[in-house]
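We did not get these values from a lab; they are worked out from the coordinates using the rules stated. In this text the structure is predicted, and so the values were computed from the model without any measurement. Neighbour counts are summed over all protein chains in view; Cβ atoms, including those assigned to glycine, are modelled from backbone coordinates with ideal geometry.
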Amino acid sequence: YWWVIDEINYGQTNEPRFNYTFSTPGKHQVIATVTADFNSSSRELAPGHLKGQQEMGHLKLREIGVKMGLFQKNVISKAPITNVTILGEKNIKKGQLIDLNLSCDGTGPWGFCWYQVGKGYNITGNETCDDAIQTSNDCDFSIIRYYRNSDTYNLLVIVSNDVSSHLQVVAVTIYQVAKQMPLSIVIIPVTAAIAAIILLFSGIGVYANFRSNLAVEVADFDFNAAEEEELQYKTFWERLRESFVAAFTSGDDSESEGSSVSGRRSVQIPGSGGHAGSGIGYGSIT
C-alpha cells in the first residue's frame, strides 16, 4: 500500500490503513495505490518499478500474476470544539432574566441545546439533547430563561459538531433582594424637622432681640378719681355745708378754684332775696 495525501507521498505500509492527522481543516485528497504479486514474493512491487509494467495493460499484468489498484477519496477535515466560553451574569436578582451567551472555536456547523438538571449533577458523557437541537454555522448561542423563585439552578449545556462535543454544567443563582424604604420617605421628614427646628430657634432669637430693644413707658392717668368723688350721692345741705367749709379754709384760693371749675352754677340760699351776690358755686350735678 502506497499513500499519497495532497500530492505528497507518505510511503508504504503492509496494512490497509494509514493514520494521519491533518494540521488544517478543509478538503483533502487521499490516494492509495495497492499492488499484489501472486507468483513471486521477491519481485519489486514499488509503483516506480511497475511503471513500465503498467503500460502492458491489466491483462498482461494478470498473466504474470500481478494485480494493481488505485483508490482515491476526498475527505474533509474539521477542527474539534475548543475555547468554549459562557458569558453573562450568573448571580441575578429575583425577577430578572437569565441571559447567558455561549461561544466557541472549531469547524461548523454546530449543534446546541441545554436543559435543567438536578443539584450536584455529575456529567456522564452519555447525555443527549431530548429537545430539538439548534444548529448554526457560527458558534454563538444564547441561553435565556426566567425563573420565578429564588434558588440555584443547574443548566446542562451541550454543544457539538461533526467531530467532537462539549458538555458543561452552569450554575445560576437567583437571590431575593431585601425591600428597602424609598429614600424620599426618609429624607423629606428629616428635612422638614430640621427646617422646623431652625425656624423655631430663629423665632426665639428674633423675639428675644425685640424684647431687649423695647422700652416700655407706663403713665397712670387716673381721671376717674375726681369724677367719682363728685358723683357721690350727697344731699343739698351736705353740699352746701362743704362749700362753706371750703370757702373759709381756702381763702383767696377759693376764688381761683371756683373760677377754674367749668360749668359751675350758683345756688341761692332760701331767704336771700334772690341777690346774685349771695350765691355760692359748687360742682355741677347731673
Assuming 0.36 nm per residue, please report the length gained on full extension of the stretch Asn83 to Ser150 beyond their Cα-Cα distance. 21.0 nm
Plugging the Cβ-Cβ distance of Ala195 and Thr135 into 1/(1 + (r/R0)^6) at R0 = 41 Å yields, to the nearest 0.05, a FRET efficiency of 0.05
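Can you tell me the length gained on complete extension of the stretch Val177 to Ile8, counting 0.36 nm per residue apart and subtracting the Cα distance?
Details: separation 169, 0.36 × 169 = 60.84 nm, distance 6.63 nm.
Working it through step by step, the gained length comes to 54.2 nm.
Contour minus end-to-end for Ser23 and Ile187, with contour as 0.36 nm per residue of separation and end-to-end as the Cα-Cα distance?
Contour length minus the Cα-Cα distance gives 52.2 nm.
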